[in-house]
């Protein structure tokens, strides 16, 4: 892959990711802002403490004697301000100060993964060591205790590169499916660091276009792959209230080392092309190991 | 030892004129005859042209085959209306009684073709050839065919062998570009030494005395392009060379247009035949012209029409003039002249090798004249002829026992073979039909055979022909048609074999014939390049044929078995850096 | 810059891959060895050595050679490969690679056995047919500010540890155009030795190849012969040089002969004894011989009349037999304008007369001739028998090995070829489908087959030389080249490697060379990646 192609792919991935993230952000933000005022037509009977509790999560809830109904002053819920001039920062619900869904949630994310494959087997397929991939993940935080939590994810990465090797066209597509175990530590409810181990499988599909051999020859293989990474995520959208079930938006950045088992590059013809010479011996270009450092930037929606 | 080639004299056609002289008698008849003959001579003046092959070196581009030792006797071509005569003080004349007619016309002049066939220079061990373009002379050893090169002056062209009493080979090379000469000597040890001599400008001929003590370097007009000669170019300078450890040269002047050089037996004088007469050069400590012996008292005498033969001892000069019936005898010691009038026009003249006899062809027969004639009655002179052959030219064997009569002025297929001896009072003669016109005839050194060069016979598709005739035995001649015209001949000194070259530049056909005279057989050897000249190296029993090639080419032929060895690129060895 | 921005954005370094993966694959023409095929990967400065350990198996080894390979050449016995490279030019750093010559052997396993570093780049390489010498020389591709075009380096292949021997070829005005080696010649003065013949524009230089000679003496002992003047007055250009050893029976000195371009002359160069005071082993005495026309080729032959230089003159047509001793030429009229000659004495001679038998062929008429030179000057036919073949002959190939000593392959002008059985005097046409095919054999002939293929075609053929049975074969990719190699596993089998090349791809179809079958092959691709990946 040349620089232009890499940037193009990166740009496309970035644009896609940005679009999705923006859409998610907009959705989340809009949802947060447009949520109707709960029960504005009827006076609320909720104790004022709830609202106070929401607004000041750091303040212990004050206990206020509940006046008798006869002597209780009449509290009339103030109708919401007319929609014409909403108050943007007015929380819908008071912050309960809990981790809640900041920590324990389902998550769905997409992003861009940049791999740096220094193995010589990668040389025929790219003019540099970069293998960009589209990355998607989904999972659930399974366990939380205090600021620590543990999540399980499934990740999928896909990317391809093209180049020419001594004048012949080559291409390589790499797909990685991993199941990750992620340990998190929330420094704040909206920010955590994590470490992730993601074993899985990697599929590489290489193509060599040789006119003498009658066209394209392929070398495909599945290998064992594992990622080790460290990262951080920050919540940029979502209610402060921990109990909120509303989606939250996160941006994460992680990096680490992706290891994959080496696979043999033995190009064979599919045999379906009439131009393919008979008894064509595979072209062996050694081994390919898609391993090396990587970083990923992704956006996640949590529920 | 120089090659015993047939030194065919190179006197081309002489201008024809008639004038008869009567010892006493009718002035009127003389005047009438004179007028009639003059008129007839004028009309015949254009009949015979110069021979195409005469005198000039044959073929070649960069390479010069050199000229024969002893120089040449060529005196130029063309005819003129007037002939020579002998009169004046100190002159006696003898008139033959052959009868005269009122309207006698001389026969058409014979063509002296033989002089065109000059042999390259060979000494005992080497064949010498000069390369004017590289200023070198190649010495080719005839035994192992090795080639060594000697530096000469600028544009060496003429090479002459030098006799040497010591065991060495020597030659004199004339350098046309630097007006000097180089003496090259190769001793028995193989060491090559050279000496430079200054000569007069324009030298192109060399005559060396028999002992090798003296040499005359002179300028032969016959070897110069006529278009380059001005009438005032008399070529009168010549250089006298006294050979020795320290050669000395002296430039002297002689008469107009020298044509021949000879020495007396004691080598005290040199005689230069010029159009002015015979210049006598005193060969002493300071060589200088001594006198000019006139050959005629008539100032209108056309010297170019003379055929001058000097006896080998240098005592006499015998003069024939085309269109005349007289022979002139000049005593070179005192200048006294004597005239002998024969019965008929004298068409050719040759001397015996001892110079004691002159053989004149007159009236179709061979007339034997003692030299000097003294008071001999011309009518009593021995005459020899072959029945059926009216010869105009003669080729004489060195011992004068074989005379071959022929004529090339007309288309004559016949050859007269006369064998005699002594005074030729008795002789045998026969005429043979050679089937093709005879151009030139050569008698073998042993007087046993003769070879005739011939033109294409009528109806023949051949380029030429030659015939081998046996002189002493009554055998049929061997007639050989050739693809190309014969152009050069060399006899082995023992007369047992000969080499004949043929060439046709148009059709690029070149070859040489090895002739074994005793059996009258010949072997043809094709050549790759035009032959220039042929010669003999008797010491190794080989003949050589020099050919035209940018790098020089020569083929040696073994006289016994005919095996050949061709060497090309005499100076290639000089281009090897090792 | 963009990359750095991206990396900054990603907060981490991106890394990059080795440049080899970005380097295009631009191979030179493959070279076949006895048991391997080598393809030069010039951009990565390496040699891809393909061997066959067993049936239908192909193994690829990668060996480093110098950067910017300019030439790769196999030794005549197929055991070694010589790779000439220019290195990094210009060199700016000490670590920049020098020009070099790399010597590779493949038996028992492919490896670099020797590397020679050179001071300056050289592009010319020629290897002696007797595997004793190699010559490195300057070509027109090696232009620099100042170039010595006559500088050569001699490599003694029997002593690989010996540094290349520098020699400046002696010349008046030319530069080396062609090199050839004589066999060992008996010298008139001194030890028998071989000579390197260097043909230049108008000269021929002889370099002494006596191994014990010192460098200085080797330079000073050179002999340079300037060619003769042609009809235009210019020095002729040598076109071909042949040689013959001394023949004591006939008194013949060692001889060289030079055919001159566009000239009817042939230059004889006898090596005669030098002057008594000289210590040189020989002296050259040139002689020119006119063979009657422009010769198409020359060869020394033994005739019934002794050793002769045969010169074929198609224009006449004739053959001139030149006696090197005398320079005399015997011209023999030929029935056809034969233009090529090859000696087949070893294959056909039945007596010990010592005279040669030659194969004659023509590039204009569909006739070949067998010339018994023992009857060259005695028989009316001069000992020449003619045989009609189907087409004029472009070239004649020898069948390697000992299995078919009397067979020759005649490549026709039209693309067809013929298997000629010299003994049976029979030629069998192998008709192709009109294209011009390349023919190749196993270097040792062990597979008893020849292979015919046309580049970029998928179909090719193999002919069993014993039965002349062609087997049609098919490759699933256009053929680049075909090689027949020995299996390196020691089992003695043979493998045919059919190479395919397109852009950055290199592949090979492998099949059994002894019993080839398109249904029993294996196809190997991705050979250009050899050595780039890691296990």
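Laboratory data are not the source of any read-out in this text; all were calculated from the coordinates shown. Here the structure is a predicted model, which means the values were calculated and not measured. When we count neighbours, we look across all protein chains shown, and the Cβ atoms used for this are built from the backbone with ideal geometry, even at glycine.
For the listed peptides B:548-559, C:507-518, B:143-154, a ranking on the average number of other beta carbons within 10 Å per residue, highest first, reads B:548-559, C:507-518, B:143-154. As a rough guide to protection, the peptides C:456-468, A:244-256 ranked by mean Cβ packing within 10 Å, highest first, stand as A:244-256, C:456-468. Arranged from fewest to most other beta-carbon atoms within 10 Å of their beta carbon, C:385, A:157, C:263, C:120 become C:385, C:120, C:263, A:157. By the helix-only formula, in which each DSSP H run with n ≥ 4 contributes -39500 (n - 2.57) and the sum is divided by residues, chain C has a 222 nm mean residue ellipticity of -1000 deg cm²/dmol. Placing a pseudo-label 7 Å from each Cα along the Cα-to-Cβ vector at residue C:173 and residue C:249 gives an inter-label distance of 4.4 nm.
For the residues of C:316-327, the average number of beta carbons from a partner chain within 10 Å of their own beta carbon is 2. The residues B:345, A:236, B:243, C:243, when put in order of fewest to most other Cβ atoms within 10 Å, stand as A:236, C:243, B:243, B:345.
Taking a point 7 angstrom from the Cα of residue C:119 along the C-beta vector, which residues in the range C:155-170 have backbone N less than 12 Å away? Zone members listed by number: C:166-168. Computed from the Cβ-Cβ distance with R0 of 22 Å, the FRET efficiency linking residue B:523 to residue C:377 stands at 0.90. A simple spin-label model places pseudo-atoms 7 Å from Cα toward Cβ; at residue B:430 and residue C:216 they are separated by 8.0 nm.
Look at the alpha carbon pairs under 8 Å that are at least 6 residues apart: their mean separation over the length of the range C:330-436 gives a relative contact order of 17 percent. For the peptide C:16-28, the mean number of other protein chain Cβ atoms found within 10 angstrom of a residue's Cβ is 4. Convex hull volume of the Cα atoms of the range A:97-302, normalised per residue: 107 Å³. Considering only alpha-carbon pairs that sit under 8 angstrom and 6 or more positions apart, the relative contact order computed for the range A:97-302 is 23 percent.
Under 19 Å from a label point set 7 Å out along the Cα-to-Cβ vector of residue C:471, the amide N atoms of the range C:503-522 belong to C:508-522.
Taking other C-beta atoms within 10 Å as the exposure proxy, A:287, B:268 rank B:268, A:287 from fewest upward.
Between residue C:261 and residue C:92, the modelled labels are 4.1 nm apart [label points 7 Å from Cα along Cα→Cβ]. For the peptide A:118-128, the mean number of other protein chain Cβ atoms found within 10 angstrom of a residue's Cβ is 5.
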